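Student: Just passing along the structure, written as structure tokens.
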Amino acid sequence: MRLKEIIRLLDAVVITNSRDSEAEIEWACATDLMSDVLYYSRGNSVLITGLAKQQAIRTSDIADIKVVVFTRGKEPDTQTIELSRKKKITLLITPYSMFTACGKLYEKGLRCCPE
């Protein structure tokens, strides 16, 4: 799924953008537990989380995740935004819950990182 389609489906606001909107995203990882991200995620994934903190960016960087979506309209602080710019991670905010965001992406064909 292309990044621009994820943005559209989730009615997302783009906070930082380090990827081409035509970039293909292969997988989705949805969790607030960063240890799960490290265990289950794959590169070229989108992380969907309610944890709008620097930990989500640091973990995404380690896991080679280049797009993070914060759910329920949660806005990251300035330090988190700056870290995402430094790490070249695109940050999005969706008004939807994690459940709804995942459902919208799943319905259009995006799948969970293989276990």
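The values are calculated or read from the model by the stated rules, or taken from the named source; none is laboratory data. Treat the numbers as computed from the prediction; the structure is a model and nothing was measured. Counting neighbours? That spans all protein chains shown, and the Cβs are built from the backbone with ideal geometry, glycine included.
Student: State yes or no: is G103 at pLDDT 95 or above, small (G, A, S) and assigned to a helix (DSSP H, G or I)?
Tutor: Yes.
Student: Going through the range 51-73 one residue at a time, which ones are closer than 16 Å to F99 by Cα and either touching a strand residue (DSSP E or B) at 6+ places or on another chain (Cβ under 7 Å) or of a type in the set (S, T, Y) (or both)?
Tutor: Listed by number, the residues that qualify are V68, V69, F70, T71, G73.
Student: Before we move on, is Y39 more than 18 Å from M1 (Cα to Cα), part of a helix (DSSP H, G or I) and either of a type in the set (F, W, Y) or touching a residue at least 24 places away in the same chain (Cβ under 8 Å) (or both)?
Tutor: For Y39, the condition - more than 18 Å from M1 (Cα to Cα), part of a helix (DSSP H, G or I) and either of a type in the set (F, W, Y) or touching a residue at least 24 places away in the same chain (Cβ under 8 Å) (or both) - is met.
Student: Separate question: Check whether at least one residue in the range 42-64 is over 19 Å from L105 (Cα atoms), touching a residue at least 24 places away in the same chain (Cβ under 8 Å) and loosely packed, with under 15 Cβ neighbours inside 10 Å, and report yes or no.
Tutor: Within the range 42-64, one or more residues are over 19 Å from L105 (Cα atoms), touching a residue at least 24 places away in the same chain (Cβ under 8 Å) and loosely packed, with under 15 Cβ neighbours inside 10 Å.
Student: For the range 97-109, name all the residues that are of a type outside the set (S, T, N, Q) and more than 13 Å from the chain's Cα centre (by Cα).
Tutor: Answer for the range 97-109, where residues must be of a type outside the set (S, T, N, Q) and more than 13 Å from the chain's Cα centre (by Cα): F99, G103, K104, Y106, E107, K108, G109.
Student: On the given criteria, is P76 buried (at least 19 other Cβ atoms within 10 Å of the Cβ), in a loop (DSSP other than H, G, I, E, B), over 10 Å from the mean Cα position of the chain (by Cα) and not small (G, A, S)? Outline the logic, then answer.
Tutor: Working: buried (at least 19 other Cβ atoms within 10 Å of the Cβ): yes; in a loop (DSSP other than H, G, I, E, B): yes; over 10 Å from the mean Cα position of the chain (by Cα): yes; not small (G, A, S): yes.
Criteria met by P76.
Student: Starting from the range 1-12, take each residue that is under 19 Å from R72 (Cβ atoms) and list its partners that are surrounded by fewer than 17 Cβ atoms within 10 Å (Cβ to Cβ) and polar (S, T, N, Q), counting only C-beta distances under 6 angstrom and pairs at least six apart or across chains.
Tutor: Nothing qualifies.
Student: Check off (1) in contact with a helix residue (DSSP H, G or I) (Cβ under 7 Å, 6 or more places away or on another chain); (2) of a type in the set (A, V, I, L, M, F, W, C); (3) within 20 Å of N17 (Cα to Cα) for I93 and give me the number that stays unchecked.
Tutor: Condition (1) is where I93 drops out.
Student: So, one more: Kindly provide the set of residues from the range 18-28 that are within 21 Å of K108 (Cβ to Cβ), of a type outside the set (V, I, T) and surrounded by fewer than 22 Cβ atoms within 10 Å (Cβ to Cβ), ordered by number.
Tutor: Passing the criteria: R19, D20, S21, E22, A23, E24, E26, W27.
Student: Considering only the range 31-45, state which residues are in contact with a strand residue (DSSP E or B) (Cβ under 9 Å, 6 or more places away or on another chain) and more than 21 Å from L83 (Cβ to Cβ).
Tutor: Across the range 31-45, the qualifying residues are Y40, R42.
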